[in-house]
1. Which of the numbered conditions does I155 fail, given that it passes all the others? Conditions: (1) modelled with pLDDT of 90 or more; (2) in contact with an Asp or Glu (Cβ under 9 Å, 6 or more places away or on another chain); (3) of a type in the set (V, I, T); (4) within 30 Å of W87 (Cα to Cα).
2. Pairs under 8 Å by beta carbon, first residue under 15 Å from S181 (Cβ atoms) in the range 120-131, partner of a type in the set (V, I, T) and not in a helix (DSSP H, G or I), six or more apart or different chains?
3. Could we say that L92 is surrounded by 11 or more Cβ atoms within 10 Å (Cβ to Cβ) and either of a type in the set (A, V, I, L, M) or closer than 22 Å to L164 by Cα (or both) here?
4. Look at the range 95-110 and say how many of its residues are within 24 Å of A42 (Cβ to Cβ) and either polar (S, T, N, Q) or surrounded by 18 or more Cβ atoms within 10 Å (Cβ to Cβ) (or both).
5. When the residues of the range 156-207 are filtered to those that are under 21 Å from L57 (Cα atoms) and outside any helix (DSSP H, G or I), which remaining residue is nearest to the chain's Cα centre (by Cα)?
6. Could you please let me know if V72 is touching a helix residue (DSSP H, G or I) at 6+ places or on another chain (Cβ under 7 Å) and either exposed (fewer than 11 other Cβ atoms within 10 Å of the Cβ) or under 22 Å from H153 (Cβ atoms) (or both)?
7. Of all residues in the range 71-112, which are at negative phi and aromatic (F, W, Y)?
Amino acid sequence: MRSRIWLFAELLVIFVGLPLGYRFSPVRIPALPLLWLAAGYALWRQGRDSSFDRHWLWNPAPLAGHLREMLVIFFAAALVLWIGVRWLAPQLVWSFMRQYPSLWAALMVLYPLLSVYPQGIIYRAFFMHRYARLFPAGWVMLVASAAAFAFLHIIFGNLISVVLTLFGGMLFAWRYAETRSLLTSSVEHALYGCWLFTVGLAAISITGCGRNRNEDGCGLVTRRIRPSKRAPRPGSNLKTIQCRRRHDRDKKGTAGVQC
């Protein structure tokens with residue numbers, strides 16, 4: 001019983017306390033070093049656990065057999081995401097790739113290695129093995145892993161990241177449980193993450209516009225009043241000037257016409 005309490009306390013500190021602390025910290029520090037530190041702790045814990053099969057941390061064998069299914073699901077989801085961004089915030093479509101092509105190209109290479117795989121270590125390999133005593137195997141564990149993964153994304157300060165990663169976390173956790181291959185799960189994770197950067201949706205997180213509702217490109221977070229593109233009606237400016245003059249005369253006690 002005591003060991004379960006300590007496990008639950010550890011879970012709260014790592015998967016609730018750390019994201020909340022980072023989100024509301026007055027000092028901004030890079031997120032990746034913290035992610036690597038947490039992944040290092042997870043690997044250290046897994047290395048001390050003789051019941052954990054380290055082969056699952058890579059295990060490339062299942063990838064070929066699952067790749068076709070992964071791509072079919074990905075292309076369908078990618079189309080839905082593109083349509084959603086195009087409909088709700090067309091100014092974001094391809095915006096990140098166009099405005100920051102060098103950064104986008106670097107992310108396509110470095111993001112899977114420096115971010116996706118460490119997240120897989122923490123939220124799939126570590127979480128689903130270490131907390132098996134807290135959550136029954138099956139959908140309960142998948143939902144718990146996905147919820148923890150989604151909660152991490154509160155650091156970006158917008159609801160979209162949390163909602164999308166909840167569904168993504170379910171898929172990635174299920175893939176890991178199905179294949180016992182962190183490589184396979186991470187490849188699938190990288191597909192979706194790279195697509196979000198490419199289509200422009202991940203710009204909300206990278207640019208931090210979720211923290212500042214007055215920044216440009218936040219059409220999915222807040223709706224701003226944009227100037228109308230319609231030409232003014234003939235005489236509308238003259239009428240406005242006349243109304244202002246009449247209003248000034250009214251203040252001085254001179255009768256005026258209501259505008």
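The values are calculated or read from the model by the stated rules, or taken from the named source; none is laboratory data. No experiment lies behind these values; they were computed from the predicted model shown. Cβ sites come from the backbone with ideal geometry, for glycine too, and all protein chains shown count toward neighbours.
1. (2)
2. Between residues of the range 120-131 that are under 15 Å from S181 (Cβ atoms) and residues that are of a type in the set (V, I, T) and not in a helix (DSSP H, G or I), there is no close pair.
3. So L92 passes the test.
4. 1
5. Among residues in the range 156-207 that are under 21 Å from L57 (Cα atoms) and outside any helix (DSSP H, G or I), the one nearest to the chain's Cα centre (by Cα) is S181.
6. no
7. Of all residues in the range 71-112, those at negative phi come to 71-93, 95-112.
Of everything in the range 71-112, those that are at negative phi and aromatic (F, W, Y) turn out to be F74, F75, W82, W87, F96, Y100, W104, Y111.
Yes/no per residue for (1) more than 16 Å from E178 (Cα to Cα); (2) modelled with pLDDT under 95; (3) of a type in the set (V, I, T); (4) loosely packed, with under 13 Cβ neighbours inside 10 Å:
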| residue | (1), (2), (3), (4) |
| --- | --- |
| P33 | yes, no, no, yes |
| L37 | yes, no, no, yes |
| Y41 | yes, no, no, no |
| N59 | no, no, no, no |
| G65 | no, no, no, yes |
| A77 | yes, no, no, no |
